[in-house]
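Undergrad: My structure is below; once you've seen it, I'll send some questions.
Each value in this text was obtained by applying a stated rule to the coordinates, not by laboratory testing. From a predicted model like this one, the values you see are computed outputs, not experimental measurements. Note: ideal-geometry Cβ built from the backbone for every residue, glycine included; neighbour counts use all protein chains shown.
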Amino acid sequence: MPSDAPAGLQIEGLQVELGGRPILADVHLQQAAGSYACLLGESGSGKSTLLAVIAGLLRPQRGTISVHGQQVNGDGIFIAPERRQIGMVFQDAALWPHLTVLKNVLYPLRARRQAVDKTRALALLERMAIPAAAARRRPHELSGGQQQRVAIARAIIAKPRIVLLDEPLSALDHGVRENLREFLHELFAEEGITALHVTHDPSEAFYLGHRVGVLNAGHLEQWDSPESLYQQPASLVVARLGGSVRALHVPVLQHAGKQALIHWEGRRWPVPASAGLNGATRATLLLRPNDLEIDKAPSDAPEATVRHAHWHEGRYLLTLQATDGQEFLAQSRRGDLGPRRWHLRPDHGWCIPVQSSANDR
Amino acid sequence: MSRLFNHLLVYLILGVLVLAPLGAIIYEALQPSAGQVHGIALLQLGVDQQFLKSLSGTLGMAGLAVLFSLPMGLGLALLLYFVPPRLSPLWEALILIPFLIPPYLTAEAWSLLTGPVGMIEQLTAWQALGTTLEEFLFSLAGMGMVMALHLTPLVYILLRAALENGNPRLLQAARVHGSSALGAFRLGILPLLLPALAAAGLLVFLDTSAEFGVPALLAGYAGVQVLSTSIEGATNVWPVDLPKASAIGLILCALGVLVWFLYRPLVRNNEGRIQRRAPARRVWWSILPISIFALIGMILPLAAVVAVSLEKALSVGLRGSNFTWHHYHHVLSHSSSGLSALETSLRLSALVAVFGMASALLAANLVRKGGRIAALVDLLATLPMAIPGVVLAVGMILFWNAPWNQLPVFGHPIILAVAYATGTFPFAIRYARTGLAQIPPRLEQAGRVHGGSPLHSVLRIQIPSLWPMLVGGATVVFALSMRELVASLMLQPAGVQVISTYIYGNFRQGTIGNGMALSVIGIFSSALILGLARGALLRR
């Protein structure tokens, strides 16, 4: 994106309270126009609230929101939902039961007093694999997957500046979900519409999002590429979204740039580290199972005790306990319990500051 | 802007419908009674023997109605839940119909059935039965029984819902762990039923203590006085004593509000947690008690109404030579005041049904938003449930006939529409709220996000989605307005009658045949109009 082009979505210092309870705290994010981004978070993390605020269905206490360079919220400005030129796909499709499929799709055009182009609507439905005959039916006569496709058609027909998708796949069966995920990926890539997709499924977010944000208890923990989210998570909460991980408290001997030298189990280990470590003497070391070598560990490598082993994705996943009592995971071809030697692979592991919000948990 | 307008409109509607008459009553009750220079009418009631007698009459009538209706309603609910007959929806309809018959009509019908020349003695060999029944009917217990017949369907609905809400597994668990059938009932069913029984009792008490028509017809002969007739007397009989009427009204209102506040928490949890259960065993004998209730609550009274509407002379009885269409001809003739009363009732009720539901929808939208103002609006909207019609009528006389009020409402038929709208508002808002609760908020949010203005969303999404509920609510409002008696009697302008006051007036004057003919025409015409209107509106 050229630097002078306006962002598709820009949020600054957003704060939302409901009934005196903080729901979103100081959220900042910037999304490139035409990109597909995902927001990950567990139930109650505030992700649907964030979408409601962007859509104008909820007024924030503080902060500004701009869509394609137009400020829609903040500094005394509040643009009503219907004037924001937004499309939205809801978790349960939210198709109006008293209108036919075609009328549902045409609604945004009628409501915005644009030309009611039935040919375009039918073409869009056809592209969504909804047969023309089904356009005259009521929503309840369609399957869940078809309903969600109609909802997507409704969301994009009026060429919105941004489409918000609130867990659009979570109510669908596994097969339908995979199918629709691929469809969404292709559709939005071709149309070049800015889209913000909320989900609690990391695989969905990593599949679809050029950028992925992680919301935790109202805080945006990280807003980054899927790769960075996996390799350089800002917190344990973010790290967990990439799969099994363990957090260990370790002393830091030295920290420079993106590297830290830690001391653990009688050895010094150079480990990739967050810039936020900033000369701290202790850090949280995040270790995934493939960060450790256990089957070919040198004979002088440190020893840990295998407490538990179970068959997982073609290998044994071992839970090991170090001599200082901390637990970590490793993969092995052998699943026997008892002492095993282990070794930290070069350039593996990730050190973050102890005070990172998620490390408290 | 539109939100502010919506708020102001709802406050105006509720202010005019509920707060204004209530405020007028409170103000008037604090004035001295007629014939007194000083003092406060409300306090002067304390030494008024007539008032104390009326209070005990009201409490007695309402208490007896509770005593009669609870066992009947409970018995019917248990029968239809545990041992329903075949075609149980049909039998259930028979149980519910007595609630649709105005209680004053049931009282009139039973007064025609009983007595030495009543239809029961004309048709049966039991010569003493009619007289015995007449003695019972024209007593405090008889008044309570007429109200119980009218309100037992309500008791049935509440108890049936409580039974359906219960968990059948509790009963099974009790039986499996050693309880007898009765013990299991006590353990698994009775605790669920007790709040519903209390709620039903309070509702029957509330409705009966506010009733005017039944005591107006029966209390005089029974030598009983009740508060509602005392209020009407104080506004109609010389010397007119509006402060006293207001003071008694305030007491009756306070009684209603007290009962209403006791009632509301009891039914709060009773909302649609219907459990799946095994089909009940169907038995034939359960139709016997249901038939007996339908016979005394509906079949005999309606038969009496129809028979009398076709009789030349009451004393001659049910003989071929005594049958005539004369009353129908008279009522339907071009210049008949009966026909004009029917037209007025239909017009006013239709008006109230449309505007009442529209206002209720506005208020329900506001209540749905939550918060303190919403709670206040909800309270005001449901308060008329606790305000007896007679009290409301006094309040409306005081407010709309006040010297400073120059609006041409008092003395115009529109005042009847205002009174009906107030009385039926709690029903209208209940339907609107239930309908709104059934629409997922996302449907409206989707409308807003995709470009619909708030008004567009209401017109294109909310109203079409709510349509069946709105039509249902309008039907109930229409039916309740058609049968309203006391406010109509007290507020109808000179030269204007509605169907209920025509029937009541004819009965009081002894021209019973005309009144009964109009009852039959009224029941059929409103059923026909409602059926056609519902069919047309719901087909959309």
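Undergrad: Out of all Cα-Cα pairs in region B:360-407, roughly what percent, to the nearest whole number, are more than 18 Å apart? Write down the numbers at each step before the final one.
TA: On the way: 562 of 1128 pairs.
Of all Cα-Cα distances in region B:360-407, 50 percent exceed 18 Å.
Undergrad: While we're on this one: Quote the Stokes-Einstein diffusion coefficient, in whole µm² s⁻¹, for region A:9-236, based on the Kirkwood radius over alpha carbon pairs, a temperature of 37 °C and a viscosity of 0.692 mPa s.
TA: So the translational diffusion coefficient is about 183 µm²/s.
Undergrad: In the protein assembly as shown, what percentage of the DSSP-assigned beta bridges are antiparallel, given to the nearest 5?
TA: Values: 62 of 81 bridges.
Taking every DSSP beta bridge with both residues in the protein assembly as shown, the antiparallel ones total about 75 percent.
Undergrad: When you have a sec, figure out the Kirkwood radius of region A:75-154 from all distinct Cα pair distances and drop it here in Å to one decimal? Spell out each step's value before the answer.
TA: Working: mean 1/r = 0.0758 Å⁻¹.
When all Cα pairs of region A:75-154 are included, the Kirkwood radius is 13.2 Å.
Undergrad: Could you tell me how far the Cα centroid of region B:504-540 sits from the Cα centroid of region B:344-422, in Å?
TA: 24
Undergrad: Separate question: Please state the Cα pair-distance histogram of region B:399-457 with 10 angstrom bins from zero: what percent is in each bin?
TA: Values per bin, smallest distances first: 19, 25, 22, 21, 13, 0.
Undergrad: What translational D, rounded to a whole number of µm²/s, comes out for the protein assembly as shown from Stokes-Einstein when the hydrodynamic radius is the Kirkwood one over Cα pairs, at 25 °C and 0.890 mPa s?
TA: D, rounded to a whole number, is 74 µm²/s.
Undergrad: Oh, and also: Test of understanding: ordering B:PHE293, B:PHE5 by Cβ neighbours within 10 Å, fewest first, what list do you get?
TA: Details: B:PHE293 23, B:PHE5 10.
Ascending Cβ contact count within 10 Å gives the list B:PHE5, B:PHE293.
Undergrad: Within 10 Å of each Cβ in A:92-99, how many Cβ atoms from other chains are there, averaged over the peptide? Write down the numbers at each step before the final one.
TA: Working: counts 3, 3, 9, 3, 9, 5, 9, 4.
Across A:92-99, the average partner-chain Cβ count within 10 Å equals 6.
Undergrad: Using the Cα centre of the protein assembly as shown as origin and beta-carbon charges of +1 (Lys, Arg) and -1 (Asp, Glu), tell me which of B:ALA219, B:LEU206, B:GLY447 is placed farthest towards the positive end of the dipole.
TA: The one lying farthest along the dipole's positive direction is B:GLY447.
Undergrad: Can you compute 3J(HN,Hα) from phi for each residue in region A:61-75, using the Karplus curve 6.51 cos²θ - 1.76 cosθ + 1.60 with θ = phi - 60°, rounded to whole Hz and x for Gly and Pro?
TA: 6, 8, x, 10, 10, 10, 10, 6, x, 9, 6, 10, 8, x, 6
Undergrad: Next question, about the same structure. Under 5 Å between amide H atoms, partner at least 5 residues away or on a different chain: which partners does A:ARG62 have, H built in plane at 1.01 Å?
TA: Placed amide hydrogens put A:GLN15 under 5 Å from A:ARG62.
Undergrad: Name the long-range amide H neighbours of A:ALA260: under 5 Å, sequence gap of 5 or more, or other chain; modelled H, no Pro or chain starts.
TA: A:VAL271, A:ALA273
Undergrad: Can you give the Rg and Dmax of region A:1-117 based on its C-alpha atoms, in angstrom?
TA: Cα radius of gyration and Dmax of region A:1-117 are 15.8, 46 Å respectively.
Undergrad: So how strong a dipole does the protein assembly as shown carry about its Cα centre when Lys and Arg Cβ are +1 and Asp and Glu Cβ are -1, to the nearest 20 debye? Write down the numbers at each step before the final one.
TA: Working: 70 positive and 54 negative charges, 264 e Å.
Using only the charged Cβ atoms, the result is roughly 1260 debye.
Undergrad: Could you give each residue of region A:221-232 its phi-based ³J(HN,Hα) in whole Hz, using Karplus coefficients 6.51, -1.76, 1.60 with θ = phi - 60°, and x for Gly or Pro?
TA: 5, 7, 9, 7, 6, x, 4, 5, 4, 7, 7, 10
Undergrad: Then there's this: Express in whole angstrom the spacing between the alpha-carbon centres of region B:102-159 and region B:40-94.
TA: One Cα centre to the other: 15 Å.
Undergrad: Starting from the Kirkwood Rh over alpha-carbon pairs, what translational D in µm² s⁻¹ does region B:339-433 have by Stokes-Einstein at 37 °C and 0.692 mPa s?
TA: Numbers: Rh = 14.4 Å.
The Stokes-Einstein estimate is 228 µm²/s.
Undergrad: Taking the dipole about the Cα centre of chain A, with the C-beta of Lys and Arg at +1 and of Asp and Glu at -1, give me whichever of A:SER170, A:HIS263, A:TRP96 is farthest to the positive side.
TA: With unit charges placed on the Cβ atoms, the residue in question is A:TRP96.
Undergrad: While we're here: Please report how many Lys pairs in the protein assembly as shown have alpha carbons closer than 21 angstrom, counting only residues at least 8 apart along the chain or sitting on separate chains. Intermediate results must be reported in sequence, preceding the final value.
TA: Details: A:LYS103/A:LYS118; A:LYS103/A:LYS159; A:LYS118/A:LYS159; B:LYS53/B:LYS244.
For the protein assembly as shown, qualifying lysine pairs total 4.
Undergrad: Dipole size in debye (nearest 20) for chain B around its Cα centre, Lys and Arg Cβ +1, Asp and Glu Cβ -1? Numbers along the way, then the final one.
TA: Working: 31 positive and 18 negative charges, 481 e Å.
Computed charge dipole of chain B: roughly 2300 debye.
Undergrad: Turning to a different aspect of this structure: If you take the Cα atoms of chain B, find Rg, then find the Kirkwood Rh from the mean of 1/r over all pairs, what is Rg/Rh? Working shown, then result.
TA: Details: Rg = 24.3 Å, Rh = 24.9 Å.
Expressed as Rg/Rh, it is 0.98.
Undergrad: Percent of Cα-Cα pairs more than 18 Å apart in region B:453-516, please.
TA: Numbers: 1146 of 2016 pairs.
Of all Cα-Cα pairs in region B:453-516, 57 percent lie more than 18 Å apart.
Undergrad: Which order do A:THR119, B:THR132 fall in if you start with the one that has the fewest other Cβ atoms within 10 Å?
TA: Working: A:THR119 7, B:THR132 12.
In increasing order of surrounding Cβ atoms, one gets A:THR119, B:THR132.
Undergrad: Here's a follow-up. Per-residue HN-Hα couplings for region A:244-255, Karplus 6.51 cos²θ - 1.76 cosθ + 1.60 at θ = phi - 60°, whole Hz, x for Gly and Pro?
TA: 4, 7, 10, 10, 10, 8, 9, x, 9, 8, 7, 9
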